[in-house]
Amino acid sequence: MLHFGIYPRMATTREKEHSTMSIRFPYFWSAQLDATQDQIDNPKDTSRLEGWIGLLIFNVFVWVTVVGLDIHLFISEFQEQHSQAHVLQTAALVCVCVPAGIILLFSLLHMVSDDHPFSSGDGKEARTLPPFATSLIAGGLRATTGFTYLLLLTIVIHSPGMNSGSEMLKILVAQICLKTFGTAMAMANQRYPHYSNSIQGAP
């Protein structure tokens, strides 16, 4: 009777552990979280907490803000078609939407697949994105930052007397800061193999 009382509990514990580990985010969301998938919980190890902070605050929040501000600029500030500002803002918005679409597409493919190919764990390494996807992400993020730079320079050159307290000017400066930082974060996640190997080789 003792065995009948112990084994169901062990099975339940294993099922809970399996259900917890079944939630696997792709490495291109957070390379740090992916590298800690199979790590045993250690109160002194903050790697997983750092990964969650990086994913939610410095990745998702940054890019949701960037897309929202780009849409606001496109709809509210640069409505005049065929103007230089409108063309540049359109390019900036398109170039940020392309990487977002690629990430959402491959995230969906990752979630619907039984083996979750773009995440590590259970003795396997994550499959990296195909070169065209990585190129579209990297190129799109750099391009949208460049177009925002050009847009700011165009406005400053054509409107030298613009009030420094202008909302549009503040948004553009904030966009450059957010896009530069967000691009650096995204590129860090794209370097998954190097990051994963360095974590696994750490003492």
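Listed values, structure above:
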{"item": "Selection count where residues are farther than 14 Å from ALA92 by Cα and in contact (Cβ under 8 Å) with a residue 60 or more places away in the chain, scope segment 127-139", "result": "2"}
{"item": "Hits in segment 31-49 (condition: charged (D, E, K, R), under 14 Å from GLU125 (Cβ atoms) and at pLDDT 75 or above)", "result": "ASP34"}
{"item": "Residue within segment 97-116 that is in contact with a Phe, Trp or Tyr (Cβ under 6 Å, 6 or more places away or on another chain) and not hydroxyl-bearing (Ser, Thr, Tyr) present", "result": "yes"}
{"item": "Members of segment 41-76 that are assigned to a helix (DSSP H, G or I) and either acidic (Asp, Glu) or in contact with a strand residue (DSSP E or B) (Cβ under 9 Å, 6 or more places away or on another chain) (or both)", "result": "GLU50, ASP70"}
{"item": "Scope segment 88-98; condition in contact with a Leu (Cβ under 9 Å, 6 or more places away or on another chain), more than 12 Å from LEU152 (Cβ to Cβ) and either aliphatic (A, V, I, L, M) or free of Cβ contacts under 8 Å to residues at least 40 places away in the same chain (or both); matching residues", "result": "ALA91, LEU93, VAL96, VAL98"}
{"item": "Tally of residues being touching a residue at least 40 places away in the same chain (Cβ under 8 Å) and not β-branched (Val, Ile, Thr) across segment 140-157", "result": "7"}
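The values are calculated or read from the model by the stated rules, or taken from the named source; none is laboratory data. Here the structure is a predicted model, which means the values were calculated and not measured. With ideal geometry, Cβ positions are generated from the backbone for all residues, glycine too; neighbour counts draw on all protein chains shown.
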